[in-house]
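Worksheet for the structure shown next.
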Amino acid sequence: MRRILAILLPALLLLTGCGAASSTDTASSSSTVSVPPAHAEALDSVKVTKGADGKAPTVDFAKPLKIASESIKVVSEGDGAKVADGQAMILRLAAFNADDGTALGDTYAEASGQSYVVDAKFQQQYPLIYATFVGAKVGSDIAYGVPGTPAVAGSTAAPAQPAAPAQLVVYHIESAKDVAKPLAKPEGDTVTPPDGLPTVKDDDKGVPQITIPATPASTTLVSQDLIKGKGPAVKATDTIVANYVGVTYKDGKTFDSSFDRGKTATFSLSGVIQGWTQGLTGKTVGSRVLLVIPKTLGYPTPTAGQPDGDLVFVVDILGIQ
């Protein structure tokens, strides 16, 4: 569902990357940010009725909803604490075709909502959304409208793009909490793994180098601490901050690395491959974890750009959002 929504919905949803973009980058002072008009009047007809647990709310609005520019409005105020700058919000959402009301998808049935940190970087990228969510109360429903786009003819440089209708997204602020600053690197007690597993050694830049043994990969998931952190345990629904390297077991070639990108990754454990969800749940912040993941828990039917076969990851768990 998240993959579908990321295609359909506005750029706010794309902050998650493989779960979310890192919020550790430095942004310039918030005093330089210009906030565009909210155009809240365009959303005056939007009414939200809470749904049953695990179900999206009922959203009524005048059709077609005329959205000429980015628009946002708090349509129902919650009774929780106000969201503060720097906090991590957990959001649920429901999306609609603004022209005819067709439901495009929602995240209410998922195990957890998506986490977004409303910090200086977020403010720089999404000033209107930041200005609306910061100060809004937990439990609030916020309507966000984006105008449609015309069809674009194809060319030798780019394929044709069909016209897209205006969209209405209703966000629900499920919770908000302060974010502990992520660790810079794993911290804890070194653990000696059993023989027969891939070995890991840092290079001179501190990047884990994985060596594959001559023995076949385990047919079951291996989740082995290399460093046992002393922070809180990770839950399957948590959003974590991590550094990682992934290689294919058959040849040891790296196919993905946050170290190579030069920034940590932030993602929800409910939205990644099963080997990550199962292998990292219960591990503690500060840990470095070696994962040997059978194909069935990785990418059973890989598509373009996805690795094939058994996988090996080294994951440094640096924080929880």
Query raised in the report: Each residue of the range 223-238 in order: what ³J(HN,Hα) in whole Hz does its phi give by Karplus 6.51 cos²θ - 1.76 cosθ + 1.60, θ = phi - 60°, with x for Gly and Pro?
Result: 10, 10, 5, 9, 10, 9, x, 10, x, x, 6, 7, 9, 5, 9, 6
**Report entry** Cα centroid separation, the range 219-255 to the range 265-321 (Å)
**Finding:** 5
Requested in this report: Pop out the ³J(HN,Hα) list for the range 240-251 in order, Karplus 6.51 cos²θ - 1.76 cosθ + 1.60 with θ = phi - 60°, rounded to Hz; leave Gly and Pro as x.
Outcome: 10, 9, 8, 10, 7, 10, x, 10, 8, 5, 5, 9
Report task. Assuming a ≥ b ≥ c are the square roots of the Cα gyration tensor eigenvalues, decide whether the range 46-131 counts as rounded (a/c under 1.5), prolate (otherwise, with a/b larger than b/c) or oblate. Result -> oblate
Report summary line: With the 8 Å Cα cutoff and a minimum separation of six or more residues, the chain has a relative contact order in percent of 18
Query raised in the report: How would you classify the range 253-301 from its alpha-carbon gyration tensor, with a ≥ b ≥ c the square roots of the eigenvalues: rounded for a/c under 1.5, else prolate if a/b is greater than b/c, otherwise oblate?
Result: oblate
Query raised in the report: To the nearest 0.05, what FRET efficiency results for VAL191 and THR303 with a Förster distance of 41 Å applied to their C-beta separation?
Result: 0.70
Query raised in the report: How much accessible area per residue does the chain have, in Å², with a 1.4 Å probe?
Result: 48
Query - Scaled radius of gyration (Cα, divided by 2.2 N^0.38 Å) that the chain gives - result: 1.10
**Report entry** Helix-only [θ]222 nm of the chain, DSSP H runs n ≥ 4, -39500 (n - 2.57) each, per residue, nearest 500
**Finding:** -2000 deg cm²/dmol
Report summary line: Of the accessible area of the chain, computed with a 1.4 Å probe and all protein chains kept, carbon and sulfur make up a percent value of 54
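The values are calculated or read from the model by the stated rules, or taken from the named source; none is laboratory data. Computed from a predicted model, the values in this text were never measured in an experiment. Glycine also receives a Cβ, built like all others from the backbone with ideal geometry; neighbour counts cover every protein chain displayed. Only protein heavy atoms, including side chains, enter the accessible area calculation; ligands, DNA and RNA are left aside. Shrake-Rupley method; radii C 1.70, N 1.55, O 1.52, S 1.80 Å.
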